[in-house]
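Let me begin by presenting the structure, written as C-alpha coordinates, before commenting on it.
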Amino acid sequence: MACTLILGGARSGKSALAERLAQESGREVSYIATAQARDGEMRARVQHHRARRPAGWQTVEEPLLLAEAVQRACTAGRLVLVDCLTLWLTNLMLDGAMDVPDVGEFALPPVFDTQRTALLALLDAGLSGDLLLVSNEVGMGIVPLGALARRFADEAGRLNQAVAARAERVILVAAGLPLTLKGPPC
(Lines give C-alpha, C1' and ligand atoms only; values in the text may rest on other atoms or scores of the structure.)
Protein backbone atom coordinates (compact mmCIF):
# COMPACT_ATOMS: atom_id res chain seq x y z
CA MET A 1 0.00 0.00 0.00
CA ALA A 2 1.07 3.54 -0.71
CA CYS A 3 -0.50 6.29 1.35
CA THR A 4 -0.43 9.91 0.19
CA LEU A 5 -1.65 12.82 2.34
CA ILE A 6 -2.66 15.93 0.39
CA LEU A 7 -2.93 19.08 2.52
CA GLY A 8 -4.04 22.59 1.64
CA GLY A 9 -6.27 25.46 2.58
CA ALA A 10 -9.85 26.02 1.47
CA ARG A 11 -10.10 26.14 -2.32
CA SER A 12 -6.35 25.49 -2.66
CA GLY A 13 -6.78 22.78 -5.29
CA LYS A 14 -6.11 19.82 -3.00
CA SER A 15 -9.24 17.87 -4.04
CA ALA A 16 -8.60 18.56 -7.73
CA LEU A 17 -5.03 17.27 -7.35
CA ALA A 18 -6.22 14.13 -5.54
CA GLU A 19 -8.80 13.50 -8.26
CA ARG A 20 -6.18 13.99 -10.99
CA LEU A 21 -3.78 11.57 -9.29
CA ALA A 22 -6.58 9.02 -8.91
CA GLN A 23 -7.57 9.39 -12.57
CA GLU A 24 -3.95 9.09 -13.75
CA SER A 25 -3.36 5.97 -11.65
CA GLY A 26 -5.24 3.82 -14.15
CA ARG A 27 -6.75 1.87 -11.24
CA GLU A 28 -10.31 1.32 -10.20
CA VAL A 29 -11.18 4.18 -7.83
CA SER A 30 -13.32 4.28 -4.73
CA TYR A 31 -14.13 7.79 -3.54
CA ILE A 32 -15.03 8.04 0.14
CA ALA A 33 -16.86 11.29 0.84
CA THR A 34 -17.08 12.38 4.48
CA ALA A 35 -19.18 15.53 4.05
CA GLN A 36 -22.66 15.86 5.47
CA ALA A 37 -24.86 18.27 3.51
CA ARG A 38 -26.70 19.90 6.40
CA ASP A 39 -27.39 23.25 4.73
CA GLY A 40 -27.75 24.76 1.27
CA GLU A 41 -24.15 25.95 1.00
CA MET A 42 -22.78 22.51 1.92
CA ARG A 43 -25.21 20.81 -0.48
CA ALA A 44 -23.79 23.02 -3.26
CA ARG A 45 -20.22 22.03 -2.33
CA VAL A 46 -21.13 18.34 -2.33
CA GLN A 47 -22.84 18.67 -5.70
CA HIS A 48 -19.78 20.45 -7.14
CA HIS A 49 -17.54 17.56 -6.03
CA ARG A 50 -19.98 14.93 -7.35
CA ALA A 51 -20.11 16.62 -10.77
CA ARG A 52 -16.29 16.47 -11.10
CA ARG A 53 -16.03 12.73 -10.43
CA PRO A 54 -15.81 10.30 -13.34
CA ALA A 55 -18.91 8.12 -13.70
CA GLY A 56 -16.91 4.90 -13.27
CA TRP A 57 -15.73 5.73 -9.76
CA GLN A 58 -17.43 3.99 -6.87
CA THR A 59 -18.66 6.54 -4.31
CA VAL A 60 -19.10 5.73 -0.63
CA GLU A 61 -20.55 8.36 1.69
CA GLU A 62 -19.30 7.77 5.23
CA PRO A 63 -19.30 10.63 7.74
CA LEU A 64 -18.09 8.72 10.84
CA LEU A 65 -16.84 5.14 10.35
CA LEU A 66 -13.97 6.03 8.03
CA ALA A 67 -11.54 3.25 9.01
CA GLU A 68 -14.17 0.60 8.25
CA ALA A 69 -15.02 2.18 4.91
CA VAL A 70 -11.34 2.44 3.90
CA GLN A 71 -10.66 -1.14 4.93
CA ARG A 72 -13.59 -2.43 2.85
CA ALA A 73 -12.70 -0.37 -0.22
CA CYS A 74 -8.89 -0.48 -0.26
CA THR A 75 -8.32 -3.82 -1.96
CA ALA A 76 -5.49 -4.96 -4.25
CA GLY A 77 -5.41 -3.02 -7.51
CA ARG A 78 -7.77 -0.33 -6.25
CA LEU A 79 -7.08 3.27 -5.30
CA VAL A 80 -9.14 4.87 -2.54
CA LEU A 81 -9.52 8.65 -2.32
CA VAL A 82 -10.84 10.06 0.97
CA ASP A 83 -12.14 13.63 0.84
CA CYS A 84 -11.71 14.86 3.47
CA LEU A 85 -10.21 14.17 6.88
CA THR A 86 -11.12 17.55 8.36
CA LEU A 87 -14.82 17.17 7.54
CA TRP A 88 -14.63 13.70 9.09
CA LEU A 89 -12.97 15.24 12.14
CA THR A 90 -15.79 17.80 12.38
CA ASN A 91 -18.37 15.00 12.18
CA LEU A 92 -16.61 13.11 14.97
CA MET A 93 -16.25 16.16 17.21
CA LEU A 94 -19.90 17.12 16.84
CA ASP A 95 -21.37 13.59 16.79
CA GLY A 96 -24.76 13.68 18.41
CA ALA A 97 -24.77 17.46 18.87
CA MET A 98 -27.90 19.09 17.53
CA ASP A 99 -26.35 22.56 17.79
CA VAL A 100 -22.81 23.76 18.29
CA PRO A 101 -22.10 22.78 21.90
CA ASP A 102 -21.53 25.31 24.66
CA VAL A 103 -17.79 25.84 24.35
CA GLY A 104 -17.39 26.08 28.10
CA GLU A 105 -18.67 22.52 28.47
CA PHE A 106 -17.35 20.99 25.26
CA ALA A 107 -15.91 17.49 25.56
CA LEU A 108 -15.10 15.17 22.69
CA PRO A 109 -17.64 12.36 22.26
CA PRO A 110 -16.39 8.78 22.80
CA VAL A 111 -16.61 8.05 19.07
CA PHE A 112 -13.82 10.61 18.46
CA ASP A 113 -10.96 8.68 20.06
CA THR A 114 -12.29 5.31 18.92
CA GLN A 115 -12.49 6.30 15.25
CA ARG A 116 -9.25 8.31 15.20
CA THR A 117 -7.40 5.37 16.77
CA ALA A 118 -8.99 2.94 14.30
CA LEU A 119 -7.86 4.99 11.29
CA LEU A 120 -4.29 5.36 12.53
CA ALA A 121 -4.10 1.63 13.39
CA LEU A 122 -5.30 0.80 9.87
CA LEU A 123 -2.57 2.99 8.38
CA ASP A 124 -0.01 1.28 10.64
CA ALA A 125 -1.19 -2.19 9.61
CA GLY A 126 -1.16 -1.41 5.89
CA LEU A 127 -3.72 -1.97 3.17
CA SER A 128 -3.79 -3.92 -0.08
CA GLY A 129 -4.54 -0.90 -2.28
CA ASP A 130 -3.33 2.68 -2.52
CA LEU A 131 -4.81 5.50 -0.48
CA LEU A 132 -5.08 9.25 -1.12
CA LEU A 133 -6.17 11.26 1.92
CA VAL A 134 -7.22 14.92 1.54
CA SER A 135 -7.13 17.22 4.55
CA ASN A 136 -7.25 20.94 5.29
CA GLU A 137 -4.19 22.64 6.70
CA VAL A 138 -5.83 24.92 9.24
CA GLY A 139 -2.82 25.87 11.36
CA MET A 140 -1.30 28.53 9.12
CA GLY A 141 -3.59 31.40 10.06
CA ILE A 142 -4.46 33.27 13.20
CA VAL A 143 -5.37 31.46 16.40
CA PRO A 144 -9.15 30.99 16.30
CA LEU A 145 -11.23 33.18 18.61
CA GLY A 146 -13.54 30.57 20.15
CA ALA A 147 -12.69 27.55 22.29
CA LEU A 148 -14.43 25.09 19.94
CA ALA A 149 -12.60 26.49 16.89
CA ARG A 150 -9.27 26.34 18.74
CA ARG A 151 -9.96 22.74 19.75
CA PHE A 152 -10.79 21.89 16.14
CA ALA A 153 -7.56 23.49 14.86
CA ASP A 154 -5.55 21.61 17.51
CA GLU A 155 -7.18 18.26 16.71
CA ALA A 156 -6.80 18.81 12.94
CA GLY A 157 -3.12 19.61 13.43
CA ARG A 158 -2.61 16.50 15.57
CA LEU A 159 -4.43 14.30 13.05
CA ASN A 160 -2.50 15.71 10.08
CA GLN A 161 0.81 15.15 11.90
CA ALA A 162 -0.09 11.57 12.80
CA VAL A 163 -1.22 10.73 9.26
CA ALA A 164 1.81 12.47 7.71
CA ALA A 165 4.14 10.41 9.90
CA ARG A 166 2.55 7.23 8.49
CA ALA A 167 2.22 8.35 4.85
CA GLU A 168 4.83 7.57 2.22
CA ARG A 169 4.12 10.88 0.48
CA VAL A 170 2.83 14.24 1.75
CA ILE A 171 1.89 17.07 -0.62
CA LEU A 172 0.96 20.63 0.31
CA VAL A 173 -1.19 22.48 -2.25
CA ALA A 174 -1.32 26.28 -2.42
CA ALA A 175 -2.93 28.26 -5.26
CA GLY A 176 -3.35 25.02 -7.18
CA LEU A 177 0.38 24.25 -7.07
CA PRO A 178 1.61 21.06 -5.35
CA LEU A 179 4.70 21.12 -3.18
CA THR A 180 5.94 17.67 -2.15
CA LEU A 181 6.95 17.70 1.52
CA LYS A 182 7.76 14.00 1.81
CA GLY A 183 8.33 11.20 -0.68
CA PRO A 184 8.42 11.23 -4.48
CA PRO A 185 7.15 14.33 -6.33
CA CYS A 186 3.78 14.16 -8.05
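With respect to the stated conditions, D130 is in contact (Cβ under 8 Å) with a residue 12 or more places away in the chain, surrounded by 14 or more Cβ atoms within 10 Å (Cβ to Cβ) and not small (G, A, S).
Listed by position, the strands (runs of 3 or more DSSP E) enclosed by the stretch 116-186 include none that has at least 1 residues that are under 27 Å from L64 (Cβ atoms) and modelled with pLDDT under 95. As for the stretch 46-58, it holds no residue that is of a type in the set (F, W, Y), under 17 Å from A73 (Cβ atoms) and within 13 Å of the chain's Cα centre (by Cα). Residues in the stretch 155-186 that are open to solvent by 50 Å² or more (accessible area, probe 1.4 Å), within 22 Å of L122 (Cα to Cα) and either more than 19 Å from the chain's Cα centre (by Cα) or acidic (D, E) (or both): E168 only. Does any residue in the stretch 171-186 that is of a type in the set (D, E, K, R) come within less than 9 Å, Cβ to Cβ, of a residue that is assigned to a loop (DSSP other than H, G, I, E, B) six or more places away or on a different chain, and which pairs are these? Between residues of the stretch 171-186 that are of a type in the set (D, E, K, R) and residues that are assigned to a loop (DSSP other than H, G, I, E, B), the close pairs are K182/A167; K182/E168. Scan the stretch 22-43 for residues that are surrounded by 11 or more Cβ atoms within 10 Å (Cβ to Cβ) and either free of Cβ contacts under 8 Å to residues at least 12 places away in the same chain or under 15 Å from L132 (Cβ atoms) (or both) and the total you get is 14.
Is there a residue in the stretch 22-40 that is within 25 Å of P144 (Cα to Cα), in contact with a helix residue (DSSP H, G or I) (Cβ under 7 Å, 6 or more places away or on another chain) and not aliphatic (A, V, I, L, M)? Yes: the stretch 22-40 contains one or more residues that are within 25 Å of P144 (Cα to Cα), in contact with a helix residue (DSSP H, G or I) (Cβ under 7 Å, 6 or more places away or on another chain) and not aliphatic (A, V, I, L, M).
Run V70 past the list (1) of a type outside the set (S, T, N, Q); (2) open to solvent by less than 70 Å² (accessible area, probe 1.4 Å); (3) farther than 25 Å from R11 by Cα; (4) at pLDDT 95 or above and report the number of the one that doesn't hold. All conditions pass for V70, except number (3).
The values are calculated or read from the model by the stated rules, or taken from the named source; none is laboratory data. Keep in mind it's a predicted model, so treat the numbers as computed, not measured. Cβ sites come from the backbone with ideal geometry, for glycine too, and all protein chains shown count toward neighbours. When the accessible area is computed, the model is the full protein with side chains, heavy atoms only, and any ligands, DNA or RNA have been set aside. Shrake-Rupley method; radii C 1.70, N 1.55, O 1.52, S 1.80 Å.
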